[in-house]
Amino acid sequence: MSGTNSPEAVKKLLENMQSDLRALSLECKKKFPPVKEAAESGIIKVKTIAARNTEILAALKENSSEVVQPFLMGCGTKEPKITQLCLAAIQRLMSHEVVSETAAGNIINMLWQLMENSLEELKLLQTVLVLLTTNTVVHDEALSKAIVLCFRLHFTKDNITNNTAAATVRQVVTVVFERMVAEDERHRDIIEQPVLVQGNSNRRCVSTLKPCAKDAYMLFQDLCQLVNADAPYWLVGMTEMTRTFGLELLESVLNDFPQVFLQHQEFSFLLKERVCPLVIKLFSPNIKFRQGSSSSSSPAPVEKPYFPICMRLLRVVSVLIKQFYSLLVTECEIFLSLLVKFLDADKPQWLRAVAVESIHRLCVQPQLLRSFCQSYDMKQHSTKVFRDIVNALGSFIQSLFLVPPTGNPATTNQAGNNNSGGPVSTPANSGMLGIGGGVTLLPAFEYRGTWIPILTITVQGSAKATYLEMLDKVEPPTIPEGYAMSVAFHCLLDLVRGITSMIEGELGEVETECQTTTEAASSPTQSSERQESQSTSDQMDKEIVSRAVWEEMVNACWCGLLAALSLLLDASTDEAATENILKAELTMAALCGRLGLVTSRDAFITAICKGSLPPHYALTVLNTTTAATLSNKSYSIQGQSVMMISPSSESHQQVVAVGQPLAVQPQGTVMLTSKNIQCMRTLLNLAHCHGAVLGTSWQLVLATLQHLVWILGLKPSSGGALKPGRAVEGPSTVLTTAVMTDLPVISNILSRLFESSQYLDDVSLHHLINALCSLSLEAMDMAYGNNKEPSLFAVAKLLETGLVNMHRIEILWRPLTGHLLEVCQHPNSRMREWGAEALTSLIKAGLTFSHDPPLSQNQRLQLLLLNPLKEMSSINHPDIRLKQLECVLQILQSQGDSLGPGWPLVLGVMGAIRNDQGESLIRTAFQCLQLVVTDFLPTMPCTCLQIVVDVAGSFGLHNQELNISLTSIGLLWNISDYFFQRGETIEKELNKEEAAQQKQAEEKGVVLNRPFHPAPPFDCLWLCLYAKLGELCVDPRPAVRKSAGQTLFSTIGAHGTLLQHSTWHTVIWKVLFHLLDRVRESSTTADKEKIESGGGNILIHHSRDTAEKQWAETWVLTLAGVARIFNTRRYLLQPLGDFSRAWDVLLDHIQSAALSKNNEIFPALYQHIKAGFSMGDLQKLGVTLHSAVSVPISSDASPFILPSYTEAVLTSLQEAVLTALDVLQKAICVGPENMQIMYPAIFDQLLAFVEFSCKPPQYGQLETKHIANAKYNQAEWVALNYVPFAERSLEVVVDLYQKTACHKAVVNEKVLQNIIKTLRVPLSLKYSCPSESTWKLAVSSLLKVLSIGLPVARQHASSGKFDSMWPELANTFEDFLFTKSIPPDNLSIQEFQRNESIDVEVVQLISTEILPYANFIPKEFVGQIMTMLNKGSIHSQSSSFTEAEIDIRLREEFSKMCFETLLQFSFSNKVTTPQEGYISRMALSVLLKRSQDVLHRYIEDERLSGKCPLPRQQVTEIIFVLKAVSTLIDSLKKTQPENVDGNTWAQVIALYPTLVECITCSSAEVCSALKEALVPFKDFMQPPASKVQNGES
């Protein structure tokens, strides 16, 4: 106020006052004399005050009542001009603060009168304002009166006055509270004793308040009363009031002076007791109102929501929540729940709009949201307010898409002010704005035909409302389409932005604090330690509390957020909006990841992933993963069901790429839109910036990227980077130029993403590797069973990740290479190829990387890196092995000198190539080996030399390529040379190594184990070399054997002197003799087959044309080589202890070579003795062989020597015996005449063996049992199984007889008779033979022998040399055909028929080979045969058969054959000799007798059987006989009469009566046969004339 206090100002004031008073006196001179007088005395008063006082202003104030009086009187005149003058003068006094309390009271009273007279209303308001703002003298009633005055002016008829009054009221209210604040400021330093309020009963006791505070309290209390339509306590004289105005005033006070309510209990009380209930009460029409529900159903009509009040209430609520949340926790819960309710679809559009604006105001205050979360969501039994807000926003957004806005009268004219100018419901054109003929696309959301524009409503992070500010509107405003959606959208974005930045900030603080405390804690000062731990634990507690809040906030909001954002993402057609949504999803995902909230993190990531892929595509990939929790797409949130709406395919998006989906079955093409690419970039961004928190959700991210990369046709190139490449099959990928320019960028980001894996911590890196591995496994599963192009994304990225993390390769090497090894075994060649490419690239990179410490000092790491190379050896695919070997070759070329301990591994890889793996692999591996032998022997540890020898040897044994085998033998020679030259160095190093190993072995308590121990290590190396060459000496290929043999003996010869003396013992026994044993074994078992020419054009000399002959050469060379060593090194060998034994063994080898069957080595033994070999020798040999074969075997040993009983195999002894006889018979065959007498002896010998089949030989006094009956546990002697031997002997007999049947000696010595005699034994035993095969072989042998022997016998018939054979033969036939042995019960019918056919064959032999030549054969023999046939032709019944079997088992076929043979020889038209006639007569007589017998028996049986039919076989027999009779009579008639004996005719006629007796038979078949038999008898009705030809009379 210094301006008004200056002397000039005071002087000016005095002058002005005087001039005012003069003007007043002038105006009132005529009409109002009292006023004039007062004015004049006033002038004098002012002058007096000015003269007397130094403090003029204070004096003026003291006397202000008098000073003011003239002016008050002037106002009382109600004359406008005078009144205005007076009011101006009063204002001037007020502005100089020279008005006392009393004067002020008077002034107010005067103003009241003017107001009641409606005079100078604006001036009045001005005066009140000046009075109250310039000083604080007006209190209590005066103040209330002044305020009421303003209020009343607010409700005049004049608009200007009303508005001015309203403004004045607002200002006055503010002034009242400002005074209180100032008062508090002044008293701030004085600590007051709180006044004890009795029992705290009535907080309304205002007595404790200071004056200004009391005014403020009274004013606020009355405002509440007025809004509630109650009478005011303090503002006496109010006539009317509006709620809207009252609410505005309340809001401004609450908003501008929150500290008043927070600091003063009394005011807090007002808030709780008055304001909140009031707000809740006023809200009720809005709560109850349901849009579209008819009011008739409810008894009382529901009051309709009123926009002005509702909107102001929401403003009040916003302030209450924002400013007094901490005071009004419970009340705020109610308000927030109301806000959420106002978003419901059945509320009017304007209500929803203002509600969403109110919510937006909350959403930009993250700290407030945090408090909600702490106060409600984290408390038990409390509404989850924060969660509800978020969910309500989600439901709200969803409802806007699903429910078209209807029912609100305000929205019916919406189409009118809709931007598009067309009807709202046509979504197709609503997004287009026609501007100057061009069409621009408005940013909008579009979902299932609902189109909602996106309006720019506010800058991010500030909630600038539109409808909450429409204080002048009475009618609800029209909400433009898309407004509510846009606000809700911003709510979500601001919410996410606020929460995430707040939590991230706090997290950051916690983390830095933790770091500083841990750093401090690690400092050595002890005294501070306790404080440190104290503060650390505090910090921990603080962090735990904070973390709980953060987690709860995220948990409460993520479901709703995700549901809403996913829907918006799907509906968005605007790039900027899409970007914002994706950014929100990304920040949420990252936040969840940082807080370790896996489910929610994965859910957000899934949403981004789904957005990246074409519609309906996403589901297959992502629902299989952890996102399955989300795929049920519906969360029930406290009764509200929030649906996850799946993407709709018809969003109007620009398609930028068409490609193949990555699937097992080809499924046509899929399209990517620009939005998909936008999502993909977000995904890349997420993975790039937040890889450390992705954890297991790497799988989701990578799976999606893999599919996108596939659709876009990116293919891996070297190092694993993806480059655009055309799709291999199907309609090739189609890309627009827009995306073509994007591809290099995308592929670059993809590579950067994996490059940035080097900054991840170890755990995150493992998550990444695991995800890539499982992704790769899926790709592998897909690629099974088809040769389609597989997805190589995961393999390529594993490679890329491995390459950038070489500095810590150990931690990921095992999972990484382990997986790639699996890929290498995949059947799909492209997949394998990349697996191998990745693996070998990693190994090579690992070996060349400059590790710290370097590999040369870190053997473990070097072996770890090389190990997968070794593992590849277990894979059989040749292409993989080729890659492996190429890798080895490259490693040798670049790192060969520094492999050190890695050598065994590398050599192992070469040695692992197997013979069957194809030429090219063997060749490549061999190339590596050659490189090693030529360049690297000096650089490798000497302990590896033995491995080199082994590997070189193994290549020698490969039989794919002869040249490689021969070259590898050359390499072994080179290696031996190297040993020889560097002997001392190698020996030293090996001895050192040996000592170290020996020490280790002793410490562990194990025995040191290596080949050829205990020879010294260097000697062992030589021995290994010799042993390898020794193996090659028995290779199946002669050229290899020869080369190896020469090399072996040369090496021993040239370098043997280096060996210790004691080692020679090993050379002799373990190397040389072992070799001789093997050569002997191979030579004796070699194949005697002739080898066709070796390679088409290579001719083989006849001395080498069998394997046997080639082995013989090897044997000779080997013997020679060994003998040479024995000769040249005798001085070394003789001192050895067992030289004489060795000498014996060598001689033994030479002897066995001499005795071998192979005539290459020695002419056969027999050649030496054949000259003196006589019959006596042969007999001696026979005895020897016989007794040798008869020796039984102890039953303990039998399992080892005997073949199992069921096998028909000869023992080696039996084979040898037969071979000996074979040699002999061949010799006899080519020998001189005198030797041929030995044939019968050989036959005897063989036939003796044949008998073994039925009767094993006796050996001395031992009782031998047949093998089948021996019990293995008893110490018995078991005869060999002689059956195979005997049968083989029989075959030899038949062969030999076929060759020698006509030899003199064979004829003279009755060999044929002996054979028949021998065969009679098994033939008569038949079923009783030990083995069934025996008698069958015997029959077939008999038939073969007879077919050769009978013609010989007939030739020599006159000589009588065969006389004794015929009865033997007859008996043999008899014993076989009518055997006494019974067939076994288990004999099947088929078997029986087969056996019968054998019998038939014998009868056939009789009819072809014997009977036709009867005149050369003794009569008795023929008689015996006839009797036999007769016997055979009668069905012989056997009692052991069942009825069903009899007919078959009766050998019908056999009987028939016998009968037919009889018939055949009964008559013959051209008798040439009496001999033949006799056989016919004999046969006829037998036949007729047989027919008579059968007929008699049949008539008997028929009579006895009565009604029962006879057995079938008997009926068959009789029919057969009847047919035979008719045939016979026919034949007799045709025969020349002189050939038919009269006796015969008598026998034929004698049949007639018997035939007649058969007429009574019951069988139809028999009757018809009988008829045919009786008819021919008509010719016997008179005796025929002897001259007439029979049958022609």
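Among the residues of region 296-344, just one is within 19 Å of Asn391 (Cα to Cα), of a type in the set (A, V, I, L, M, F, W, C) and either assigned to a loop (DSSP other than H, G, I, E, B) or modelled with pLDDT under 85 (or both), namely Leu343.
In this structure, does Gln706 turn out to be open to solvent by 60 Å² or more (accessible area, probe 1.4 Å), over 9 Å from Ser612 (Cβ atoms) and in contact with a helix residue (DSSP H, G or I) (Cβ under 6 Å, 6 or more places away or on another chain)?
Taking the combined requirement at face value, the residue does not satisfy it.
Taken as a whole, region 401-422 holds at least one residue that is touching a strand residue (DSSP E or B) at 6+ places or on another chain (Cβ under 6 Å) and at pLDDT 50 or above.
Out of Ser1340, Ser1333, Ser1324, which single residue is in contact with an Asp or Glu (Cβ under 7 Å, 6 or more places away or on another chain), surrounded by fewer than 18 Cβ atoms within 10 Å (Cβ to Cβ) and modelled with pLDDT of 80 or more? Spell out the reasoning first.
Values: Ser1340 fails: in contact with an Asp or Glu (Cβ under 7 Å, 6 or more places away or on another chain); Ser1324 fails: surrounded by fewer than 18 Cβ atoms within 10 Å (Cβ to Cβ).
Among Ser1340, Ser1333, Ser1324, only Ser1333 is in contact with an Asp or Glu (Cβ under 7 Å, 6 or more places away or on another chain), surrounded by fewer than 18 Cβ atoms within 10 Å (Cβ to Cβ) and modelled with pLDDT of 80 or more.
Going through (1) open to solvent by 30 Å² or more (accessible area, probe 1.4 Å); (2) in contact with a Cys (Cβ under 7 Å, 6 or more places away or on another chain); (3) among the small types (Gly, Ala, Ser) one by one, Ala836 falls short only on (1). Any chance region 903-916 includes a residue that's of a type in the set (Phe, Trp, Tyr), open to solvent by 20 Å² or more (accessible area, probe 1.4 Å), at pLDDT 85 or above and on the phi < 0 side of the Ramachandran plot? No, there is no match, as no residue in region 903-916 is of a type in the set (Phe, Trp, Tyr), open to solvent by 20 Å² or more (accessible area, probe 1.4 Å), at pLDDT 85 or above and on the phi < 0 side of the Ramachandran plot. Each residue in region 1079-1104 was checked for being open to solvent by less than 90 Å² (accessible area, probe 1.4 Å) and either modelled with pLDDT under 70 or within 26 Å of Cys1020 (Cβ to Cβ) (or both), and 9 pass. Summed over region 865-897, the residues that are assigned to a helix (DSSP H, G or I) and either touching a Phe, Trp or Tyr at 6+ places or on another chain (Cβ under 6 Å) or β-branched (Val, Ile, Thr) (or both) give a count of 4. Taking Lys797 as the residue in question, decide whether it is open to solvent by less than 10 Å² (accessible area, probe 1.4 Å) and either out of contact with any Lys or Arg (no Cβ under 8 Å at 6 or more places or on another chain) or not charged (D, E, K, R) (or both). Taking the combined requirement at face value, the residue satisfies it. The residue of region 479-516 that is modelled with the lowest pLDDT, among those that are in a helix (DSSP H, G or I) and among the β-branched types (Val, Ile, Thr), is Thr516.
Within region 72-87, the set of residues being assigned to a helix (DSSP H, G or I) and either crowded, with 17+ Cβ neighbours inside 10 Å or β-branched (Val, Ile, Thr) (or both) comprises Leu72, Met73, Gly74, Cys75, Gly76, Ile82, Thr83, Leu85, Cys86, Leu87. Quick check, is Glu579 open to solvent by 10 Å² or more (accessible area, probe 1.4 Å) and part of a helix (DSSP H, G or I)? Spelling it out, Glu579 is indeed open to solvent by 10 Å² or more (accessible area, probe 1.4 Å) and part of a helix (DSSP H, G or I). The numbered conditions (1) open to solvent by less than 10 Å² (accessible area, probe 1.4 Å); (2) closer than 26 Å to Met671 by Cβ are all true for Leu694 except (2). For region 731-776, a tally of residues being of a type in the set (Gly, Ala, Ser), in contact with a strand residue (DSSP E or B) (Cβ under 7 Å, 6 or more places away or on another chain) and either open to solvent by less than 50 Å² (accessible area, probe 1.4 Å) or modelled with pLDDT of 90 or more (or both) returns 1.
Here's the yes/no breakdown for (1) touching a strand residue (DSSP E or B) at 6+ places or on another chain (Cβ under 9 Å); (2) in contact (Cβ under 8 Å) with a residue 40 or more places away in the chain; (3) among the charged types (D, E, K, R); (4) within 21 Å of Leu921 (Cβ to Cβ):
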| residue | (1), (2), (3), (4) |
| --- | --- |
| Gly785 | no, yes, no, no |
| Phe793 | yes, yes, no, no |
| Leu812 | no, yes, no, no |
| Pro815 | no, yes, no, no |
| Pro827 | no, yes, no, yes |
| Met831 | no, yes, no, yes |
| Glu837 | yes, yes, yes, yes |
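Is at least one residue of region 612-624 part of a helix (DSSP H, G or I), under 30 Å from the mean Cα position of the chain (by Cα) and modelled with pLDDT of 75 or more? So far as region 612-624 goes, yes, one or more of its residues are part of a helix (DSSP H, G or I), under 30 Å from the mean Cα position of the chain (by Cα) and modelled with pLDDT of 75 or more. Of all the residues in region 709-730, those that are in contact with a Gly (Cβ under 9 Å, 6 or more places away or on another chain), open to solvent by less than 10 Å² (accessible area, probe 1.4 Å) and modelled with pLDDT under 80 number 1. Considering region 958-969 alone, what residues qualify as being assigned to a helix (DSSP H, G or I) and either surrounded by 16 or more Cβ atoms within 10 Å (Cβ to Cβ) or in contact with a Cys (Cβ under 7 Å, 6 or more places away or on another chain) (or both)? Those that are assigned to a helix (DSSP H, G or I) and either surrounded by 16 or more Cβ atoms within 10 Å (Cβ to Cβ) or in contact with a Cys (Cβ under 7 Å, 6 or more places away or on another chain) (or both): Ile964, Ser965, Leu966, Thr967, Ser968, Ile969. Hey, any hits in region 802-815 for a residue that's in contact with a His (Cβ under 9 Å, 6 or more places away or on another chain), at pLDDT 90 or above, open to solvent by less than 10 Å² (accessible area, probe 1.4 Å) and not in a helix (DSSP H, G or I)? No, region 802-815 contains no residue that is in contact with a His (Cβ under 9 Å, 6 or more places away or on another chain), at pLDDT 90 or above, open to solvent by less than 10 Å² (accessible area, probe 1.4 Å) and not in a helix (DSSP H, G or I).
State whether one or more residues within region 1396-1412 are surrounded by fewer than 18 Cβ atoms within 10 Å (Cβ to Cβ), modelled with pLDDT of 80 or more and over 28 Å from Leu1522 (Cα atoms). Scanning region 1396-1412, I find at least one residue that is surrounded by fewer than 18 Cβ atoms within 10 Å (Cβ to Cβ), modelled with pLDDT of 80 or more and over 28 Å from Leu1522 (Cα atoms), so the answer is yes.
Restricting attention to region 219-237, the residues being aliphatic (A, V, I, L, M), surrounded by fewer than 20 Cβ atoms within 10 Å (Cβ to Cβ) and at negative phi number 2.
As for region 1033-1051, it holds no residue that is among the aromatic types (Phe, Trp, Tyr), over 27 Å from Asp1105 (Cα atoms) and in a helix (DSSP H, G or I).
Condition check for Ile1068 on (1) over 54 Å from the mean Cα position of the chain (by Cα); (2) closer than 26 Å to Glu961 by Cα; (3) buried (at least 21 other Cβ atoms within 10 Å of the Cβ): one failure, at (2). Counting the residues of region 975-996 that are within 26 Å of Gly956 (Cβ to Cβ) and either hydrophobic (A, V, I, L, M, F, W, C) or loosely packed, with under 14 Cβ neighbours inside 10 Å (or both) gives 7.
If you check Ile43, Ile49, which single one turns out to be free of Cβ contacts under 8 Å to residues at least 24 places away in the same chain, of a type outside the set (D, E, K, R), touching a Leu at 6+ places or on another chain (Cβ under 7 Å) and surrounded by 13 or more Cβ atoms within 10 Å (Cβ to Cβ)?
Ile49 is the lone residue from the list that is free of Cβ contacts under 8 Å to residues at least 24 places away in the same chain, of a type outside the set (D, E, K, R), touching a Leu at 6+ places or on another chain (Cβ under 7 Å) and surrounded by 13 or more Cβ atoms within 10 Å (Cβ to Cβ).
In the list Ile82, Ile107, which residue meets the criterion of being β-branched (Val, Ile, Thr), touching a Cys at 6+ places or on another chain (Cβ under 8 Å) and within 19 Å of Val128 (Cα to Cα)? Step by step, each of Ile82, Ile107 is checked, and only Ile82 is β-branched (Val, Ile, Thr), touching a Cys at 6+ places or on another chain (Cβ under 8 Å) and within 19 Å of Val128 (Cα to Cα).
The values are calculated or read from the model by the stated rules, or taken from the named source; none is laboratory data. It should be emphasised that the depicted structure is a prediction, and the values quoted were computed from it without experimental measurement. So basically every Cβ, Gly included, is an ideal-geometry build from the backbone, and we count neighbours across all protein chains shown. We work out accessible area using only protein heavy atoms, side chains counted, and drop any ligands, DNA or RNA first. Shrake-Rupley method; radii C 1.70, N 1.55, O 1.52, S 1.80 Å.
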